[in-house]
1. Output the residues belonging to the stretch 78-92 that are surrounded by fewer than 19 Cβ atoms within 10 Å (Cβ to Cβ), out of contact with any helix residue (DSSP H, G or I) (no Cβ under 6 Å at 6 or more places or on another chain) and not charged (D, E, K, R).
2. Please find, among SER73, SER35, the residue that is outside any strand (DSSP E or B) and under 22 Å from the mean Cα position of the chain (by Cα).
3. Taking the residues in the stretch 15-60 that are charged (D, E, K, R) and without any contact (Cβ under 8 Å) to a residue 12 or more places away in the chain as candidates, determine which candidate is nearest to LYS178 (Cα to Cα).
4. Six or more apart or on different chains, Cβ atoms under 9 Å: show the pairs whose first residue is in the stretch 66-80 and farther than 20 Å from LEU102 by Cβ and whose second is part of a helix (DSSP H, G or I).
5. Out of the residues in the stretch 149-184 that are more than 30 Å from ARG115 (Cα to Cα) and in contact (Cβ under 8 Å) with a residue 12 or more places away in the chain, which is surrounded by the fewest Cβ atoms within 10 Å (Cβ to Cβ)?
6. Just need a number here: residues in the stretch 102-111 that are outside any loop (DSSP other than H, G, I, E, B) and exposed (fewer than 13 other Cβ atoms within 10 Å of the Cβ).
7. Quick test for you: out of PRO103, PRO69, pick the one residue that is farther than 30 Å from MET1 by Cβ, modelled with pLDDT of 90 or more and touching a strand residue (DSSP E or B) at 6+ places or on another chain (Cβ under 9 Å).
Amino acid sequence: MYKEIIESIKPEMEKALAFLDAEFSKIRTGRANPSLVEDMSVDCFNEKFPLKQLGAISLFDSKTLVIQPWDKSYIEGIVSSLSKSGLGLSVVLDKDIIRVSLPSLSNEYREELKRLISLKHEEIRKSIRKWREEAWGKIQEKTRLGEIREDDKFRAKDELQKIVDDYNKKAEERKERKIKEINE
């Protein structure tokens, strides 16, 4: 009976890790990554579009992205949005291709990014804690109602903690990997 409760929180914890991955992919490290700009809002024809809908975004080298707009009429809007992004990007138009170079990271900016990564990581730890508390509350309630035996309740607590520890470890590994990227 308690196993279903524990299994029901695993997808939520997976979603939390997927959210963390998505958030970390938006944080600019010293390396170029299409995810840095793909969701950037671009104003074209008085409407807003994510950049990934307007062109192909690829990696040229570790510090440069190449954007090939699907249509020449998108170029002006894309260049304008990239220039105004506040990411300190260097944007160069080369015929129908847009080259985007990332500046080197200053030590001050690296520290700010590390702080941001730690904040995102802590949000996920809180989310995992919330799911643990919810599952534990259900297990205790089922025990009070006599649907779960007392010894199974403690077995459930151990299993639940093992899963929580596993997901916290996965989140910690992602955090350390992202910090390592920033330090390179």
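1. VAL79, SER80, SER83, SER85, GLY86, LEU87, GLY88, SER90, VAL92
2. SER35
3. Within the stretch 15-60, the match that is nearest to LYS178 (Cα to Cα) is LYS15.
4. TRP70/GLN53
5. Ranking the candidates gives ARG155 first.
6. Number satisfying all stated conditions: 3.
7. Answer to the selection: PRO69.
For (1) over 18 Å from the mean Cα position of the chain (by Cα); (2) without any contact (Cβ under 8 Å) to a residue 40 or more places away in the chain, each residue gets a yes or a no:
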residue: SER83; (1), (2): yes, yes
residue: ASP94; (1), (2): yes, yes
residue: ILE97; (1), (2): yes, yes
residue: SER106; (1), (2): yes, yes
residue: ILE128; (1), (2): no, no
residue: ARG132; (1), (2): yes, no
residue: LYS142; (1), (2): yes, no
residue: GLU147; (1), (2): yes, no
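The values are calculated or read from the model by the stated rules, or taken from the named source; none is laboratory data. None of these values were measured; they are calculated from a predicted model. Cβ sites come from the backbone with ideal geometry, for glycine too, and all protein chains shown count toward neighbours.
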